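Notes follow the structure.
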Amino acid sequence: LELATAFSLGAVTFRPFHTARFTWYDRTTSDRSGDRWAFSTGVQAGSRFQRTFEWLDDAGESQSLRHVIVPQVTFEHVYKVDGEPGQFAAFDQTDSLDEQALTRFTLLNRIQRSNPETGLPEDVIWLDLVQNVLPIASRDNGGDELGLFEYELIVNPIPSWSSMPGIELLVEGEHDWNRGENRTFNSRIAIQPTEQLNLFAGYRTDQVNDGQVDFGGVARVRDRWTLFGGGQYDLENSEVLTYLARIGRRDRNWELGLTVNFDDVADEVRIRLDFTPLLIGLRPSRNYGFQGGSETWGSANRF
């Protein structure tokens, strides 16, 4: 349960919040049922600046790009967490939740162009930079106040920049300043040779896996159906980890998907059926105004 409110003072939007979380476990690591409460409080503060650059190309046609900068600071203190993380099997962040004070400094840069068909802005370059700082370092981070540095770069070249159709590049990761190494690193390239077909390949390394390649493709059939196939290959051990196939259908108010996963490592096959209601086509958004602004091109410069 979260209680929050957002308000603006000049160009800065503030959002104080308070949350309470309750989780019940049918089995803990002590082989008994249990529950835990956790509370947090904090505040987000952010703004948005933009500037549009216009010029004429060699053919005399008007061209433009927009640079959007979204700085944001978030402070959250998680406190009164029942039990220790070791009491619960750690499947996700809820199970490993612990008391922590964290400040996140975020700087998002977006280079956008105007889609010639719709007139709406679309991202050409997305660069998101986050630095984590832990004020109570002696309790939360072994005495080091400087936490992980997170980065994400997505490049969607303008068609005139590249001879390859529908190309997208991704680089993201987490850098540990205290150890002087990347904790995670991901890279991916996606190509869309036709409107109905997407192909991708990626590379990942982290503290557990020293080099994995994933590959696959997605095909759209008759607008509502999608077919997916892909797999993972471990470079360190020179073996295939998994194959995956999925068929899905999306209607106005729901999504349905059937996934079959062939896991060579565990030597098993898993089948999963997903049904997702879309609430009349609506999906939740939580940017709280920090990335708001005109949905049409040519809004006033505030950079």
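Among the candidates Thr226, Thr205, single out the residue that is closer than 28 Å to Gly180 by Cα and part of a strand (DSSP E or B). The unique qualifying residue is Thr205. At least 2 residues being basic (Lys, Arg) is the threshold, and among the strands (runs of 3 or more DSSP E) wholly inside region 37-131 those reaching it are 100-114. The residues of region 191-239 that are closer than 19 Å to Phe262 by Cα and either of a type in the set (D, E, K, R) or touching a residue at least 60 places away in the same chain (Cβ under 8 Å) (or both), listed by number, are Asp214, Asp234, Glu239. Selection of first residues in region 133-147 that are under 11 Å from Gln100 (Cβ atoms) and of second residues that are surrounded by 13 or more Cβ atoms within 10 Å (Cβ to Cβ) and among the β-branched types (Val, Ile, Thr), restricted to Cβ pairs under 8 Å at least 6 apart or on distinct chains, gives the following pairs, ordered by first then second residue: Leu134/Thr103; Pro135/Thr103; Gly147/Val133.
Number of residues in region 198-214 that are at pLDDT 90 or above, surrounded by fewer than 17 Cβ atoms within 10 Å (Cβ to Cβ) and hydrophobic (A, V, I, L, M, F, W, C): the value is 3.
Summed over region 227-263, the residues that are of a type in the set (Val, Ile, Thr) and open to solvent by 50 Å² or more (accessible area, probe 1.4 Å) give a count of 1. If you go through region 44-81 and keep only what is surrounded by 14 or more Cβ atoms within 10 Å (Cβ to Cβ) and closer than 20 Å to Leu1 by Cα, you end up with Gln44, Thr74, Phe75, Glu76, His77, Val78, Val81.
Look at region 13-31: where a residue is surrounded by 13 or more Cβ atoms within 10 Å (Cβ to Cβ) and assigned to a strand (DSSP E or B) and a partner is modelled with pLDDT under 95 and among the basic types (Lys, Arg), sitting 6+ places away or on another chain with Cβ atoms under 7 Å, you get Thr23/Arg36.
Taking Ser138, is it closer than 30 Å to Tyr79 by Cβ and either modelled with pLDDT of 95 or more or loosely packed, with under 15 Cβ neighbours inside 10 Å (or both)?
yes
Among the criteria (1) open to solvent by 60 Å² or more (accessible area, probe 1.4 Å); (2) modelled with pLDDT of 95 or more, the one Phe149 does not fulfil is (1). Considering each residue of region 276-293 in turn, none proves to be farther than 30 Å from Val68 by Cβ, loosely packed, with under 10 Cβ neighbours inside 10 Å and modelled with pLDDT of 90 or more. Sort through Thr103, Thr41 and tell me the only one that's farther than 30 Å from Asn156 by Cα, within 20 Å of the chain's Cα centre (by Cα) and surrounded by fewer than 18 Cβ atoms within 10 Å (Cβ to Cβ). After applying the criteria, what remains is Thr103. From the list Ala90, Ala6, the lone residue that is over 28 Å from Trp126 (Cα atoms), open to solvent by 40 Å² or more (accessible area, probe 1.4 Å) and under 24 Å from the mean Cα position of the chain (by Cα) is Ala90.
The values are calculated or read from the model by the stated rules, or taken from the named source; none is laboratory data. Computed from a predicted model, the values in this text were never measured in an experiment. Cβ coordinates were reconstructed from backbone atoms using ideal geometry, including for glycine residues, and neighbour counts include every protein chain displayed. All accessible areas refer to the heavy atoms of the entire protein, side chains included, with ligands and DNA or RNA removed. Shrake-Rupley method; radii C 1.70, N 1.55, O 1.52, S 1.80 Å.
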